[in-house]
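Heads up: the structure comes next, in structure tokens.
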Amino acid sequence: MTRYPLLYLIMLIAVTSAISCTGNKASTYKKTRPLMDTIVSITVASADKDSAEKAIDSALSEIERFGNLIDFYSDKSELSEINRNAGLRPVRVSPETMDLIVNAVAAAERSGGAFDPTVGVIVRLWDFANRKMPSDDEIKLLLPLVNYRDIIVDRDNSTVFLKRKGMLMDLGGIAKGYAADLAVESFRRNGISSGLVAIAGDIRAFGLKPDGSEWNVGIKNPRQTSDKDEIMAKIRLKDRAISTAGDYERFFILSGKKYHHILDPKTGYPAYKSISVSVVADTGALTDGFDNAVFVLGPEKGLKLLKEMGLDAVITDANGATHVTDGIREKLTFEKRD
Amino acid sequence: MRNAIKSTTIADRVLLALLVISSLTGMFYSRDALSKGEDVLVEINGKLTYTLPLSQDREITVNASHGQATIEIKDGRVKMKQAECGNHICMKQGWIKSGSIVCLPNGIVITIGNGRKKDLDAVTG
């Protein structure tokens with residue numbers, strides 16, 4: 001040892017560095033499950049497979065539990081109980097349901113009703129699967145029941161009350177983004193600091209990928225013509241969320257006119273000022289809460305609202321023109337068109 | 001041989017040990033560096049011809065330079081089942097879960113990777 005100290009030292013460094021490099025190397029682990037009536041896909045970066053998989057499982061359970069609380073179509077959900085008791089009495093809800101509704105009402109207020117969770121009563125009239133649209137009279141009759149101001153939230157008593165009988169609250173326009181936030185909180189509690197939660201198109205990225213790069217998310221081309229032009233642009237995300245509202249998700253064409261599922265709460269009919277809106281913000285509750293609102297408002301008013309709220313977005317308007325806010329310009333790469 | 005070992009100095013032995021360690025580490029890393037993914041990408045004469053999900057069992061037959069070749073996907077693995085080539089190196093490689101199978105005479109490269117969206121972690125919309 002004393003004769004060749006330098007050589008022994010080099011050898012020691014070589015061995016320890018080989019061990020430490022392999023021991024701490026993070027990989028990504030991914031699981032996909034059908035939850036909340038959609039596909040949930042979670043990727044996390046971790047040096048340990050077991051703890052990564054356990055953390056993903058508990059995040060998925062969290063999403064499932066939350067999804068059951070606010071399921072519009074299940075009689076057992078807290079949301080259904082609120083709807084059943086519209087005009088009758090306030091309903092006690094769990095903290096997550098309360099927080100979601102507080103976020104939904106805030107998005108409705110800030111967007112001046114361009115997003116309104118009480119549009120549920122009109123949503124129920126439209127049958128996109130069977131290409132059936134309601135009559136003008138049906139819409140006119142129920143439209144007065146659409147008003148977020150009639151959602152009475154009592155945080156002290158943890159109750160929610162829909163003021164008028166017949167009102168229906170549908171939280172589908174914000175719940176998936178909020179669920180992604182819950183999943184990220186669950187990962188933080190379980191010591192996972194990097195990953196990507198995708199609840200259909202509502203995506204929240206946290207931390208960086210194992211190679212040190214940001215998470216790369218594709219934004220769907222709203223007018224895709226083949227599998228070669230599926231993606232309109234790519235965006236790099238770290239500790240940010242993105243949600244997209246597009247007129248191509250659910251629609252039918254009747255007498256040459258496209259009727260899609262993003263309804264203007266003020267008219268009860270589809271909104272036609274945009275064809276796709278992707279909102280980028282710190283949380284999924286914000287991105288999911290405001291993507292439909294900006295879609296309904298259209299680029300002019302939508303960009304104004306985004307600026308007021310400090311949010312970013314890519315908007316494709318009715319003419320196919322793209323509008324991008326300054327905050328994400330450097331993170332976006334548009335695909336080349338042939 | 002004995003003389004050869006006797007004539008080495010400690011420095012030689014340390015050097016030898018270092019070389020052994022570095023080559024073993026290299027093996028570990030190179031195995032890790034093989035391409036992985038959820039799709040089977042089939043290139044014929046340099047052109048990406050098929051992108052198939054690794055999760056779906058199937059057999060496909062493609063036309064190549066020396067006649068037809070059959071590729072089988074099963075249980076998340078892929079192999080060259082049959083190919084009209086002289087040495088059948090591609091077939092002898094058997095099932096792979098990562099990396100590539102190359103059939104040089106036919107110009108076929110089968111790689112496990114992630115299709116067109118390989119640089120995307122998710123898609124919104």
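The values are calculated or read from the model by the stated rules, or taken from the named source; none is laboratory data. Being a predicted model, the structure only gives us computed values, none of them experimental. Here the Cβ is made from the backbone with ideal geometry for all residues, glycine too, and neighbour counts use every protein chain on show. Please note that ligands, DNA and RNA were not included when accessible areas were found on the heavy atoms of the full protein model with its side chains. Shrake-Rupley method; radii C 1.70, N 1.55, O 1.52, S 1.80 Å.
Over all residues in A:244-251, what is the mean tally of Cβ atoms on other chains that come within 10 Å of each residue's Cβ? Don't jump to the answer; show the numbers that get you there.
On the way: counts 3, 1, 2, 0, 1, 1, 0, 0.
Per-residue shielding by partner chains comes out at 1.
Just report the Cα centroid separation between segment A:131-182 and segment A:264-301, whole Å.
The two parts, judged by their Cα centres, are 16 Å apart.
Can you find, among A:VAL40, A:PHE115, A:ALA271, the residue farthest towards the positive end of the dipole of the protein assembly as shown? Put +1 on the C-beta of Lys and Arg, -1 on that of Asp and Glu.
A:VAL40
Once the Cα atoms of helix A:5-23 and of chain A are each reduced to a long axis, what angle between those two axes, in degrees from 0 to 90 to the nearest 10, is obtained?
20 degrees
Partner chain Cβ atoms within 10 Å, averaged over the residues of B:71-77 - can you pull that number for me?
On the way: counts 0, 0, 0, 0, 0, 0, 0.
Across B:71-77, the average partner-chain Cβ count within 10 Å equals 0.
Rounded to the nearest percent, how much of the accessible area of chain A (1.4 Å probe, protein heavy atoms only) is carbon and sulfur? Mind dumping the intermediate values first?
Values: 8330 of 16290 Å².
So the carbon and sulfur contribution to the accessible surface is 51 percent.
What is the local net charge at A:ALA179, summed over the other residues whose Cβ is closer than 11 Å to its Cβ (Lys, Arg +1; Asp, Glu -1)?
-4
How big is the B/A interface in buried accessible area, both sides summed, 1.4 Å probe, to the nearest 100 Å²?
On the way: alone 8800 and 17310 Å², together 23860 Å².
When B and A are taken together, about 2200 Å² of accessible area is lost.
Going out from 0 in 10 Å bins, what whole percent of all Cα-Cα distances in segment B:39-113 drops into each bin?
Bin by bin from 0 Å, the calculated values are 22, 61, 16, 0.
Which lysines, if any, have their Cα less than 17 Å from the Cα of B:LYS79, not counting same-chain residues under 8 positions apart?
Qualifying lysines at Cα under 17 Å: B:LYS36, B:LYS92, B:LYS97.
Give the average, rounded to an integer, of partner chain Cβ atoms located within 10 angstrom of each Cβ in A:193-203. Could the numbers behind the result be given before it?
On the way: counts 0, 0, 1, 2, 1, 4, 0, 4, 4, 1, 4.
If you average over the peptide's residues, the count of other-chain Cβ atoms is 2.
Could you state the angle between the C-alpha long axis of helix A:95-110 and the longest principal axis of the C-alpha atoms of chain A, as a value from 0 to 90 degrees rounded to the nearest 10?
60 degrees
Using 7 Å Cα-to-Cβ label points, what is the B:ASP57/B:LYS81 separation (nm, one decimal)?
1.1 nm
How much of the DSSP bridge set in the protein assembly as shown is antiparallel, in percent, rounded to the nearest 5? If you can, show how the numbers build up before the last one.
On the way: 88 of 91 bridges.
Of all bridge pairs located within the protein assembly as shown, approximately 95 percent are antiparallel.
When you count, for each residue, the other Cβ atoms within 10 Å and take the mean per peptide, how do A:279-291, B:36-48, B:52-64 rank with the highest first? Let's see the in-between values first.
Details: A:279-291: 27.8, B:36-48: 15.6, B:52-64: 13.6.
So the order, starting with the most tightly packed, is A:279-291, B:36-48, B:52-64.
How long, wide and thick is segment A:18-162, going by the Cα atoms along their three principal axes, in whole angstroms, largest first?
Result for segment A:18-162: principal-axis Cα extents of 73, 43, 30 Å.
In percent, how large is the relative contact order of chain A, given Cα pairs closer than 8 Å and 6 or more residues apart?
Over chain A, the number comes to 16 percent.
Measuring from the lowest to the highest alpha carbon on each principal axis, how far does chain B reach, largest first, in angstroms?
Extents along the principal axes: 63, 45, 26 Å.
What does the accessible area per residue of the protein assembly as shown come to in Å², with a 1.4 Å probe and no ligands, DNA or RNA counted? Walk me through the numbers on the way to the answer.
On the way: 23860 Å² over 463 residues.
I get 52 Å² per residue for the protein assembly as shown.
Regarding segment A:106-197, what whole-number volume in Å³ per residue does the convex hull of its Cα atoms give? Can you show the working numbers first?
Values: hull volume 13.5 nm³, N = 92.
Cα-based convex hull of segment A:106-197, divided per residue, equals 147 Å³.
Where the convex hull is taken over the Cα atoms of the protein assembly as shown, what is its projected area averaged over directions, in nm²? Please report the intermediate quantities before stating the final value.
Working: hull surface 126.9 nm².
Seen from a random direction, the Cα hull of the protein assembly as shown projects 31.7 nm² on average.
Any chance you could list the semi-axes, whole Å, largest first, of the equivalent ellipsoid that the Cα gyration tensor gives for segment A:192-338, using √(5λ)?
Values: eigenvalues 133, 62, 40 Å².
Calculated on Cα positions only, the semi-axes equal 26, 18, 14 Å.
Just by accessible area at a 1.4 angstrom probe, what is the order of B:LEU19, A:LEU79, A:LEU303 from largest to smallest? Don't jump to the answer; show the numbers that get you there.
Working: B:LEU19 100, A:LEU79 0, A:LEU303 55 Å².
If we order B:LEU19, A:LEU79, A:LEU303 from most to least accessible, we get B:LEU19, A:LEU303, A:LEU79.
Can you give the calculated 222 nm mean residue ellipticity of chain A, where each DSSP H run of n ≥ 4 adds -39,500 (n - 2.57) and the sum is split over every residue, rounded to the nearest 500 deg cm²/dmol?
Working: 8 runs with 115 residues, N = 338.
Theoretical 222 nm ellipticity from helices: -11000 deg cm²/dmol.
Based on the mean of other Cβ atoms within 10 Å per residue, sort peptides B:76-87, A:147-158, A:172-183 so the most packed one is first.
Details: B:76-87: 17.0, A:147-158: 14.2, A:172-183: 27.1.
Descending mean neighbour count gives A:172-183, B:76-87, A:147-158.
Build a GNM of chain A with springs between Cα atoms under 10 Å: which of A:LYS228, A:LYS301, A:LYS140 gets the top mean-square fluctuation?
A:LYS228
In segment B:78-125, what residues drop by 50 Å² or more of accessible area when the other protein chains are put back, versus the chain on its own? Use 1.4 Å, and skip ligands and nucleic acids.
B:ARG116, B:ASP119, B:LEU120, B:ASP121, B:ALA122, B:VAL123, B:THR124, B:GLY125
Helix-only estimate, please: 222 nm mean residue ellipticity of chain B, summing -39500 (n - 2.57) across DSSP H runs of length 4 or more and dividing by its residues, to the nearest 500. Before the final figure, lay out each step's value.
Details: 3 runs with 32 residues, N = 125.
Helix-only estimate at 222 nm: -7500 deg cm²/dmol.
Hey, what angle do you get for helix B:10-32 against the long axis of chain B, alpha-carbon based, 0 to 90 degrees rounded to 10?
Relative to chain B, helix B:10-32 is tipped by roughly 10 degrees.
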